[in-house]
Amino acid sequence: LVASKDNSIFANNVDNSNGGGAGIFSGTNGLGTSCRGLIEFDIAANVPAGSTITGVQLRMYLGMSPNTNAQNIELHRLTKDWGEGTAGSSNPIIMMSGMGYPADAGDATWNEAKFGSTAWSSPGATGNFNQTVSATTTVSGPIDTAFLWNSTSAMIGDVQNWLDSTGSNYGWALINADEVTSRTKKVFYSRQATQNSSAIPDSLDPSWRPTLIID
């Protein structure tokens, strides 16, 4: 499955978003402020009702990294609906989108799950994601490399629940375990990405967009 929606939210630009942009951000910028990614897959539209999920793997390709340090990127199950607008859609690569773009109505931002209508319980979607980590992977480099969140019982449970109770499917938040140190940010190609950041103007391989593999 390719992601059905994705976005990024930015603590230093609380009314900005990246719903139409080419990158999904997780970690801190040079000022030490956080950004977090949001991602969702439409399980019920692609997996027959009544199926038993036995394995889940998330694959994402690194598109930009301001540091060479390995960072642990966690998946946390979201518990509130959020929006993906077109903010950033004018930029097909991720090199210039580190601050986000002015949010569209209904777009997820740092303060609001849907800009202009629905706030998060606390800024940064805090209070609207499960504190228990569903899976973690270590992301290093180089860019254009695939990174995998391999199957865990929690990931399987998340996807099974999204299949059985479709109204509970709000996807995962991608949260860097280090939101204190400056420049921990890792950026992955989003479902809207059309060009590689390292090979302008080469076209992005469609398989490099966020993909969920389900058994």
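Here's the list of lysines a cross-link from residue 186 could span, going by alpha-carbon distance under 21 Å and ignoring same-chain residues fewer than 8 apart: 5. Overall form of region 69-187: oblate. Here a/c, set by the Cα gyration tensor axes a ≥ b ≥ c, is 1.5 or more, and a/b is not larger than b/c. Per residue, the chain exposes an accessible area of 39 Å² to a 1.4 Å probe, with every protein chain left in place. Sequence-ordered 3J(HN,Hα) estimates for region 143-150 from the Karplus curve with 6.51, -1.76 and 1.60 and θ = phi - 60° stand at 5, 6, 9, 7, 10, 10, 9, 7 Hz, glycine and proline given as x.
Which shape class, rounded, prolate or oblate, goes with region 134-215 when its Cα gyration tensor gives a ≥ b ≥ c as root eigenvalues, a/c under 1.5 marks rounded, and past that a/b bigger than b/c marks prolate? The shape class here is oblate. The simple Förster model, with R0 at 45 Å and r as the Cβ-Cβ distance, assigns residue 68 and residue 117 a FRET efficiency of 0.65.
Within the shell of other residues whose beta carbon sits under 14 angstrom from the beta carbon of residue 153, the net charge comes to -1, with Lys and Arg scored +1 and Asp and Glu -1. Here residue 185 is the anchor, and the aspartates and glutamates within straight C-alpha reach of less than 16 Å, apart from those fewer than 8 places off in the same chain, are 74, 144.
Of all aspartates and glutamates in the structure, the ones whose alpha carbon falls short of 19 Å from that of residue 80, not counting any fewer than 8 places away in one chain, are 6, 15, 40, 42, 104, 107, 112, 158, 164.
A 1.4 Å probe over all protein chains sorts 139, 2, 14 by accessible area into 2, 14, 139, starting with the largest. Judged by the ratio a/c of the largest to the smallest principal axis of the C-alpha gyration tensor, the chain counts as rounded, that ratio being less than 1.5. Computed from the C-beta positions of residue 177 and residue 205, the FRET efficiency with R₀ = 22 Å rounds to 0.15.
The values are calculated or read from the model by the stated rules, or taken from the named source; none is laboratory data. Just so you know, these numbers come straight off a predicted model, no measurement behind them. Note that each Cβ is placed from the backbone with ideal geometry, even for glycine, and that neighbours are counted across all protein chains shown. SASA here: full protein model, heavy atoms, side chains in, ligands and nucleic acids out. Shrake-Rupley method; radii C 1.70, N 1.55, O 1.52, S 1.80 Å.
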